[in-house]
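Below is one structure. I have some questions about it.
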Amino acid sequence: MFRVGLVVNPVAGLGGAVGLKGSDGAEVQREALARGAVPRAGDRAAQAVRTLLARRPDARVVTVAGPMGADSAGDTPELVRLTPTPGPQESSAADTRAAVAALAAAGVELLLFAGGDGTARDVLDAVRELGDQAPPVLGIPAGVKVYSGCFATSPATAGFVAAGHRGDTAEAEVVDLDEELYRRGVVTPRLYGTLRVPAARTALSGRKAGSSGTAPATVEGIAREVVARMKPDIRYILGPGATTLAVGRELGLATTLLGVDVVQDGVLVAADVTEAELAGFAEGAVVVLSVIGGQGFVLGRGNQQISPRVLAGTGGLIVLATQQKLAALNGRPLLADSGDPDTDRRLSGHVQVITGHHESAFYRISPASEEYSE
Amino acid sequence: MSSAGESFAELPVKPKPALRRFHQARWDEPIIFELTNPGARGIAVPRPGAPKVELPQGVGRATPPKLPEMSQLHVLRHYLRLSQENLGVDFNIDVGQGTCTMKYSPKINDTFMADIADLHPSQHEDTVQGVLEIYAQLEKMLAEISGMSRVSLQPGSGSAAIYANIAMIRAYHEANGDGHRDQVITTMFSHPSNAACAKTAGYEVITLMPDAEGYPDIEALRAAVGPRTAALMITNPEDTGIFNPRIQEFVDLVHEVGGLACYDQANANGILGITRAADAGFDLGHFNLHKTFSTPHACGGPAAGACGVSEKLVPFLPGPVVDQVDGKYVLRTPEKSVGKIRPGLGVTPNIVRAYAWIMSMGAEGLREVAEIAVLNNNYLMHKILQIPGASAPWDKRRVEQVRYSWQELSEETGVHSEEIGVRAADFGVHYWTSHHPYVVPEPFTLEPTESYSKQDLDEYAAILAHIAEEARKDPEFVKGAPYNQTVHKIDMTPLDDPKQWAPTWRAYVRKHLSGKA
Amino acid sequence: MTHPYIPNAEPGVRAEMLAAIGASSVEEFYADIPASLRLQRPLDLPAPFVAEYELKRHMKGLFDRNVDGLSFLGHGTYPHYVPAVCDEVNQRSEFLTAYAGEPYEDHGRFQALFEYVSMMGELLEMDVVNVPTYDGFQASGTAIRMAARYTKRAKVLIASPISADKLSKLADFLTPDVEIVHGTEIDDTFAAIYLETPDVHGVVATNGRELAEAAHAHGALLVVSTDPISLGVLAPPASYGADIVCGDIQSLGMHQAYGGGHAGFIATQDHEPLVAEFPSRLFGIAPTAVDGEYGFGDVFYDRTSFALREEGKEWVGTAAALWGITAGVYLALMGPEGMREVGETILARTRYAMDALGDLVQDAEAIHFREFAISVRDSHGLLATLREQGIFGGVPLDDRTVLVCVTERHTIAEIDRLAAAVKEAL
C-alpha cells in the first residue's frame, strides 16, 4: 500500500483567468468569483489523482473532506479529520498548513498539493514546523503563479511522478512573487526555501548509443568550480539560493540558504548579514550570485542586502546557473534590479556564468527597468 | 483438388489501413548461456602438429572459462534470431534519429569488404598500392568537398576526429609558444562531443547560448574571446538545423585573438557542394564518414572520421599520411605529427565504402544529395507542424534537420517525448529526442536525408500525428507502450542499484540465481 | 536519370514537394547562407560510376593492385582464422544498419552485446565489461585514466615493453592528466602499474602477482592489457590480482581488414566506485512487465552525472559495437574447449617457429605467445628479399629487429618455408 496525501487549495488559480494575477487573500478571491471565475484547482488535482491511481493500483489517497481534498480524490479516499472544517469556497493559508500537518501525522509517504507558489509557501511553512516528520511533497500546478521548482510540469505529470516515487528525493526551490507588485507589472520573485520532492527520473531518457556523453552539469560541479577559482585574501559575498549553498558545502562551511554570507580563505566570516553589515565587508569583495526564479533575476530579488552601496565597493561578480536554467530563458537576458538604475546599467553586459566544473557560458545581464519598461 | 470449406473472407482483399500493422520479431530467445549443451562444439580448430608447451604454475589457466558449448547451427540460429530483433536502416523509415544522418548504405559497397579482409596494416607499401590509392583519392575528394588542404582518415569516429582536432590545436599552440591558451569555446547546439573532448584534453569549456533568434549569441562570443582562447569548436548548421549566417564573423573574432576555428561538419549532408569549411576561414574540421558519406552505423560502430586542416596545420596531422612520390603511394609521418590515433591507417572498411559512395555520386550527385536532403527536411517540417501539439522553436527554414518540441502536447497530456518515441516503434520506425540537457523542451529531432521517398515522409508524419491523437485520447495507452515489440515495458530501476545490477551473466547468476532453486 | 539512391530527385516529385511547402526552389532553404560563402562552381571531383557494374569494375581494378603473400605480420593486428558464421552474422542487414534504437525495437542488439560482455566476463573472470571502445589503444588509454580518476593520482608506471604506436597514442591521450613513467620502481604517487601480456614481443609475463602486490602496497591499481585469444590457456589477469584488464578483440573473429577490425575492451570487478569510472556504456539485464522476458538497459547510467566524474572525463560515442557482437559469436562457436585448443596450437607453433629460427630469436627462454623478435643485420633488406619470394616475413621494429607472428593459421610447412627463406637470405 502506497499512501499518498492530497491537499487542494480550492481557490488557487481563481485570479488568473479573470486577470487578477494571483489569488492570495480572501478579498481577491471574492473579487475573482464575482468576476465569474470558476475554480479549477479541484479538476487539476483530480487529473493527477486519476493518473496516479491508474499507474499505481496499490496507491491510496489520504485527504481531508470537501474541496480541500476528498472532492478530487477519486472513489474511496481515506479521510483524516481537520478542525475547524473550512468553508465551501474559501481556503486560507492556515487551512493548508493544518491539512499538511494532519496528513503528515497520518503517515503519508508522499504529499501532493494543488495550488500555486502561494500554496507552496504555505506547505513550506508547515513542513518546517514538522521538521523530520515531514513527508516529501510534490506540487500539482493549479495556481496563477507557478515559478517554484517543487511543481510538476502538468497535473498528469504530477500523477506519473507520484506513481513512480520509490523514496528517492531531491531539494526543489520555493519562490513566490509579491502579488501586489506583480499586478502592477513588477515581477519580484523571492526565494523562500526548499522542499523535498521525489527525485523524478525518466526511465527512458537519453539512453542512446549515438549521443555523446557530456555529463549534465550539477550544482556540486558548479560549486567545485567556484571554489577552484577562489583566491586567497579575497572576500566572497555569497547570495541566497541552493547553488550558493552548495558552494558553502564545498568549502565545508555552514552558510545559509536564504541569507547573504561572507567567506574568505575557507572561513565563514559572517552569516546571514544585513545590508548595513554587508557594507562593511564590501570593499574589494567578489559577489557570487545565483539566478532566482524563472525570470532570470540575479539582483534585487531576495538579495536586497546586496544593495547599490554594497555593489559600489565590490571588486567582481560571479554568476552561477546550470545550462538548463540559462536555456530556459529562451534568449532573454539575466536581470539586475538593485534599486539604482545607474548601478544596474554599470553591471549590464555579458558576464561569465559558471555552469559546471571547468564549464561556463557568457550571458547578457540587463537592467530590469529597461526590460520591463512598457 | 481442393476442398474449400467454409468461406470466411472475400476477394478482392480490402485496402490496407492507413497505418502499418507492424510487429517486431519476438523469438523469446534465452540468454546464450542457457543454450549450453555440454560437449557440443561450434567449430574445430587446427591442432598444433608440434610439441605442447607446458606452462608454469600461475601462468597457465587453472579452470576453463564457463563459455557456452553449442553446435554450429545453434550458434547461428541464436544470432540470426537476435538479428531479426533489430530495426536497421534497411528496414525502417529511419528519419527519427536526427543528427545521425541515417541514410542508405549501398549494398554494393559492402561487397568490397572481402577484397580487403586479409590485408595487414604493416604490409609493405609496394603490396598495398590499391588500398593506398583509395586512401589518397578519398583524402583528395574530401579536401575538395571541404576546401581544406589535407585530410587525415585515421580517426575511428566523429568524436575521435574531434579529439584528434583538439590534439592538433594543442600541439599547434604549443609549437607557437602559446601553450597557455586553456579555453575552448563552443555553442549549446553544437554536437556535445566538442565540449566533452575539449574537457578530456584539459580545456575549460565556454558555451555560447542561443539568442532569442536561435542563433549562437555573437555578443557572448565577443565577450568570451581573449588571450586564453585556444579554439572555437562549432557545428554548422547546428543540431537545430539552423545555419548560422554570421559564421564568418565568428571565425574572424576567434582569429583576431590568435585562436583557431574548428568546424564540426557532422551536419554536412545538406550543404555538400553548397558551402565549404575553408570558405568561412576554418582552420580545422571533420566529417563523419558514417553519416554524410553513407557507411553503415553497425549497431554503433565501427565508424570513421576524417579530419581536414588548413595549410598551417598540415605538419601536425596524425601520422602516417599517404603521399604520392614518383607515381607510387608511400606512408609518411608529418614532421610535427600528434602521432597515432589508432592502430593502422584508419577504419579501412569504411574508407573503402565512403570512397565507393562518392565515386558513385560525383559532383552533381553530391549536390543533389544536399538539395534533396534539404527539400525532404523542409517538406517533413511542413507536415509535422500541421500536427496539433508539435512545434519547432524559431520560425525559420532549416537545412537538413529540425529540432522540434512536443511541449504543448506534453503539458496537455503528460506524455513525454521519450514515450512517444517508444510508441513510434510500434509502427516500425525509429524516433529520438535529442542530446542532453534538453534545451528545447520535450524535444525530437528528425533528419530525413536524401534516401527517403515522399511516401516515406508522409507515412512517418502520419504515425506521429496518430500518436499525438492517442496521447490526447488516452495518455495512459501511449505511456504503456510498447505493444508490438520483442519485449514489453522494461523496469530500468535495478540497473541503477549496485546490489541488483547485472552488467554480465556471471554477475546476474551471482546476485539473482545463486542459492535460489 | 533519377539517381538510384535519391528517390525524390525525380523532377515531378520534387516540384510536388516544393509546391506543398510553398517554396519556389530549394534555394529558399539556403537563404541563411551568405553569398560570400556559397561555392560558385561545381565541386572538382572525378566523373562518377553511377552504374553499379561500372563502380564494381573500377573497384576491382584498384583491389587488383594489392598483393597477397604468406604473411607473418602481427604487431597488434593478427591473422587469426575468422569462422564463416562470424561473417554471416555481422553482414546481416539487421545488425549492419542498426544504430541507436531503444531496447524494444533493437532488443537483439542489446542482447547480443550483453552476451558478448558476458562471455568476455567468463574468459576474464571479471563481472563488468564494457560495450567495445574503438580499439586496444583507446582501451589502454581509458583504463589508465580510470585508474587515475579512481586513485586521484596522476602517474602511471609502464612495466613492460610497449609498441611505439601505442605509446604515441597514450602520450597524446593521457595529456595533461596522467604522466607516463617507464620502469619498475613504484611509490605512493602512482595511480597504476600498467602491464602488457603477451607484450609487444609476444613475451608472456610471469611476474603479474608481484606487480599486483607492489601496486596494491602503494594504493595503486594493476592495469593489464592482454589479448583475449590467449586466455584459453593463459591465466586471466584477474587471477593474479589485476584491477582493470583491457585490450583489443580483433583476434576474436575480425578480419585484419588493413587495420579495420579493431575494437577495445575494458573490464573490472563489480566494485561500485570503479564501475563509476567507466566512460563507456555497460548493458545489464532488467525485468519486463511479462514473466520470463529479459529486458536490457544501461547499467548505472547516471554515473556520468556524478560530480567527481566531471574531472578529466571522457566522451561516449559511436565506436565498434558490431565487432563486439562478432566477438561474441566467435566465443560461442569456440566454447571453452576451442579457446583452449587454439591457445595450445598458437603456443606450440610459436615455440616451433622460434626453434626453427634458432639463434636469431630474442628472449628465447621466455614463454612466447604468437610473436617473437629476431635480430638481423638489416631488417628492411631481409624483408625485401623475403617479399620477392611471396613471404611477408615480419614487421620491422627497427633496422635490426623483426617481429615475427605465428597463429593457428600457419602450418608447420609454412613455418619451415619461412625459416628456410630467412636462413638463405642471411
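Excluding A:Asp58 itself, what net charge comes from residues whose Cβ is under 12 Å from its Cβ, given Lys and Arg +1 and Asp and Glu -1?
Neighbourhood net charge equals +3.
How would C:Ser225, B:Ser410 line up from fewest to most surrounding beta-carbon atoms within 10 angstrom?
Starting with the residue having the fewest Cβ neighbours, the order is B:Ser410, C:Ser225.
To continue, here is another question. With Cβ to Cβ distances under 13 Å as the rule, what net charge do the other residues near B:Val402 carry (K, R +1; D, E -1)?
Around B:Val402, the charge tally is 0.
Let me ask you something else. Can you compute the charge dipole magnitude of the stretch B:3-49 about its Cα centre, using +1 on each Lys and Arg Cβ and -1 on each Asp and Glu Cβ, nothing else charged? Give it in debye, rounded to the nearest 20.
The dipole of the stretch B:3-49 has a size of about 280 debye.
Counting only C-alpha contacts under 8 Å and six or more residues apart, can you give the relative contact order of the stretch B:236-285 as a whole percent?
About 42 percent, as a whole number.
Using amide H atoms built 1.01 Å from N in the peptide plane, name the residues 5+ places from B:Lys489, or on other chains, whose amide H lies under 5 Å from its own.
C:Ala289
From the residues C:Leu231, C:Thr268, C:Val406, which one has its Cα farthest along the dipole of chain C in the positive direction, the dipole being from +1 and -1 charges on Cβ of Lys/Arg and Asp/Glu about the Cα centre?
The one lying farthest along the dipole's positive direction is C:Val406.
Looking only at C:Val67, C:Val82, C:Val178, which one moves most when chain C is put into a Gaussian network model with springs between Cα atoms under 10 Å?
Comparing C:Val67, C:Val82, C:Val178 in the GNM, the peak value goes to C:Val67.
Separate question: Fewest Cβ neighbours within 10 Å first, please rank A:Asp265, C:Asp248, C:Asp243, C:Asp44 accordingly.
So the residues, fewest neighbours to most, are C:Asp44, A:Asp265, C:Asp243, C:Asp248.
Hey, got the average number of other protein chain Cβ atoms within 10 angstrom for residues in C:319-331?
On the way: counts 10, 9, 8, 8, 4, 3, 6, 1, 0, 4, 6, 3, 6.
The per-residue average across the peptide is 5.
When the Cα centres of the stretch C:1-41 and the stretch B:90-120 are compared, how far apart do they sit, in Å?
A separation of 25 Å, based on Cα centres.
Next up: Rg to Rh for the stretch A:269-369: what is it, with Cα atoms only and Rh by Kirkwood?
For the stretch A:269-369, the value is 0.96.
Report, largest value first, the span of the C-alpha coordinates of the stretch B:380-514 along each principal axis, in whole Å.
Ordered largest first, the stretch B:380-514 gives principal extents of 58, 33, 29 Å.
Which one, B:Leu138, B:Asn109, B:Gly156, is farthest towards the positive end of the dipole of the stretch B:67-199 when Lys and Arg carry +1 and Asp and Glu -1 on their Cβ?
B:Gly156
Which of C:Ala15, C:Ala242, C:Ala51 moves the most in a Gaussian network model of chain C with Cα springs under 10 Å?
Checking each option, the largest mean-square fluctuation is seen for C:Ala15.
Report Rg(Cα)/(2.2 N^0.38 Å) for chain B, keeping two decimals.
My calculation over the Cα atoms of chain B gives 1.12.
Mind listing the phi-derived Karplus ³J(HN,Hα) values for the stretch C:39-51, rounded to whole Hz, using 6.51, -1.76 and 1.60 with θ = phi - 60°, and x for any glycine or proline?
Using θ = phi - 60°, the values come out as 6, 8, 9, x, 4, 8, 10, x, 4, x, 9, 6, 6 Hz.
Using alpha-carbon positions, what is the distance between the centroids of the stretch B:466-514 and the stretch C:223-268, in Å?
Centre-to-centre distance over Cα atoms comes out at 32 Å.
If you don't mind, there's one more thing I want to ask. Taking θ = phi - 60°, what integer Hz values does the Karplus form 6.51 cos²θ - 1.76 cosθ + 1.60 yield along the stretch C:232-248, in sequence order, with x for Gly and Pro?
x, 10, 8, 5, x, x, 4, 5, 10, x, 5, 9, 10, 10, 9, x, 10
Taking the Cα centroid of the stretch C:86-117 and of the stretch C:51-83, what is the distance between the two, rounded to the nearest whole Å?
26
Mind checking the dipole of chain B: about its Cα centre, +1 per Lys or Arg Cβ, -1 per Asp or Glu Cβ, Debye to the nearest 20?
Approximately 1780 debye in magnitude.
Considering amide H positions built from the backbone, and no H for Pro or chain starts, which residues 5 or more places from A:Ala170, or on another chain, come under 5 Å of its amide H?
Long-range HN contacts for A:Ala170: A:Val197, A:Ala199.
Something else: Local charge sum around B:Gly281 (other residues, Cβ-Cβ under 14 Å, Lys/Arg +1, Asp/Glu -1)?
Once all neighbours under 14 Å are counted, the net charge is -3.
Project the alpha carbons of the protein assembly as shown onto their principal axes and report the range along each, largest first, in whole Å.
Here the Cα extents, ordered largest to smallest, are 108, 97, 72 Å.
Between C:Glu185 and C:Tyr53, what FRET efficiency comes out of the Förster formula 1/(1 + (r/R0)^6) with R0 = 56 Å and r the beta carbon distance, rounded to 0.05?
Numbers: r = 64 Å, r/R0 = 1.15.
It comes out at approximately 0.30.
Take chain C, connect every pair of alpha-carbon atoms lying under 10 Å apart with a spring to form a Gaussian network, then pick out the residue of C:Cys246, C:Cys86, C:Cys405 with the largest mean-square fluctuation.
Its mean-square fluctuation being the largest, the pick is C:Cys86.
HN-Hα J couplings of the stretch B:67-77 from phi, Karplus 6.51/-1.76/1.60, θ = phi - 60°, integer Hz, Gly and Pro as x?
Rounded to whole hertz, the list is 7, x, 10, 9, 7, 4, 4, 6, 5, 4, 4.
Select from the stretch B:153-248 those GluC sites (Glu not before Pro) which occupy a DSSP coil region and have at most 16 other Cβ atoms within 10 Å, ordered by residue number.
Filter output for the stretch B:153-248: B:Glu213.
With equal scatterers on the alpha carbons only and no solvent term, can you work out the Debye log10 of I(q)/I(0) for the stretch B:236-393 at 0.18, 0.19 1/Å?
Debye intensities relative to I(0), on a log10 scale: -1.32, -1.39.
A further question follows. A:Glu78's amide H: which non-local residues (gap 5+, or another chain) put their own amide H closer than 5 Å, with H modeled 1.01 Å from N in plane and none for Pro or chain starts?
A:Val61, A:Val62, A:Thr63
Hand me the tally of lysine pairs in chain C: alpha carbons under 25 angstrom apart, and the pair either on different chains or 8 or more positions apart.
Going through chain C pair by pair, I get 8.
We did not get these values from a lab; they are worked out from the coordinates using the rules stated. Every value quoted in this text rests on a predicted model; they were computed, and no experiment measured them. Ideal geometry is used to build each Cβ from the backbone, glycine not excepted, and the neighbour counts take in all protein chains shown.
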